[in-house]
Amino acid sequence: MGLGLLDASDAENPYNPGHILIENLLSACLLEQGEDSVKMHDVIRDMALWLAHDSGKTRDKWIVRQGVGVNQVLHQQNSWCHVERAALFTTLFTGFQHLVDEFIPCDANKLHFLMVRNDDRFGVVEPIVKNMGFFCTLAFLDMSDCRLESFPQDISKLVNLRHLNLSKNQISFVPEDLKHVSNLRNLFLADNRIASFPHGVISELKELLIIDLFKNKISVNNLTWLIKEIICLRKIRSVGVTILQHATQFWSILELSYFPIRSLELDYVNETDVILLPSSFIENSIIQNNLYQLVLRQHNRNVVLPNNIIEMKDSQMSYCQLKYLEILIIDGMEMVEISWQNLAPKDLFSRLSTLQIWNCGKLKNISWVLYLPSLQSVIVGSCQNIIQLIEHFDSAAIATPGITEMLTPTFPSLKFLLLFALPKLQIICDQSITFPSLEQINISHCPILQKLPFQSNTVPSNLSIVMVKELWENLEWEDNDLKEALQPLTRLFPA
């Protein structure tokens, strides 16, 4: 998408073409599914690079290097003046200034794509940052996860830049000069330390399709007018934002419902009277077609929030489908209860793959997650009142209204389950519930857990168990065959 190979102007969701392409490549076994990414086999990778090099005729145009030192890179590359695309993934480089010096004499006049991954302990990134003005032909720059503390110098000289990714750094300040990068279409600044944004920068980036400010702590006043600037961008297709929500700022969420939010974090700070998600927000078709990641967080643990704060009722949710939501995190909602009335979670969250619930003291179970077809990872921690994680109930209770459907109790796709600091947990679930895809279950600080959720004939084939030795020794075993089957799969550690 950042290279212009995929059309990011999709009216419904700019990520759709990419998702479809990846799914097709997975189906054709040209990509392999990873935990939170896709992988490419070495043979396929070499073939792809060979094709990119015009069947091996132009080997200097595309450079991909991982885990090699700078001397090897310089030795392997005849001339950097012909390089058009370079991806460098390593923590082994030293003396990286030599690489930059190779570019500068020829003005880096053909380099359109640069991706660097490095923590800069060996001074890898700094020379690039300080000499960014020499890379004036760049259209794609990805320096995410490089421990940058500031924007690259002379960023305004990159007049051809269309894609900029500086996510997962330590940047606290956005330069006003960014507004001169007028061709910018994709701006990723998620997971930094940005507390304010200069006035007038976003409104000048009129070609912007995607802006991601997720996991930044932008102040309330700054965010208010920043949202107004984003709303005025006619081409915007995807937004990521963290809202430090106060009652006086609640209108911001309503305004956001009129354009496509991909990642949204609501951090409630010192808030005593809140509406977690208004119906106008959830019911909006633009939100339903774009929301990928949702984080709900309450920082003031002493605040008493209304019961059923995440209550999905017929009146507001009967036709709602968050069909692209894959990540849901709920943290610090001490009084939260999650309830469903004649609604099927499997229809509402058809793509939900990651669920994390932390510090929800009133929560008694997460039974509603049963049957979620795409759920792969569940983490539940520091919830004081959970006795049984999944309470078994009739399938009719979560079936789609008006459709008679008998369902086998199972987590069809779940691969990872982590349970932490659940002091009252006795049972994970009824042993009739199966986990055919489970690869790892990690349990700690659950002192009175009685049983593991398996029968001797339902143990997943690739299962690994990690838990405290004392907890393992105190488990109750109705079936000795089950204990013998699980013991070789279990890694124990001291309390």
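Every number here is computed from the coordinates shown, using simple stated rules; none is lab data. Bear in mind the structure is a predicted one, so any value in this text is a computation, not a measurement. All Cβ positions, glycine included, derive from the backbone under ideal geometry; neighbour counts span all protein chains shown.
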Using Cα positions and a limit of under 26 Å, work out the lysines in reach of Lys217, with same-chain residues fewer than 8 apart set aside.
Lys168, Lys179, Lys206, Lys228, Lys235
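Counting other beta carbons within 10 Å of each Cβ, put His180, His163 in order, fewest first.
Ordered by Cβ neighbours within 10 Å, fewest first: His180, His163.
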Around Tyr268, which amide H atoms from residues at least 5 apart in sequence, or from another chain, sit under 5 Å from its own amide H, with H modelled in the peptide plane?
Gln245, Arg297, Gln298, His299
Can you tally the net charge around Asn186? Count Lys and Arg as +1, Asp and Glu as -1, for every other residue whose Cβ sits under 11 Å from the Cβ of Asn186.
0
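Using a 10 Å cut-off around each Cβ, can you sort Leu244, Leu322 from fewest to most neighbouring Cβ atoms?
Details: Leu244 19, Leu322 22.
Lowest count first: Leu244, Leu322.
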Just want the ordering: Phe214, Phe281, from fewest to most Cβ atoms lying within 10 Å of their own Cβ.
Phe281, Phe214
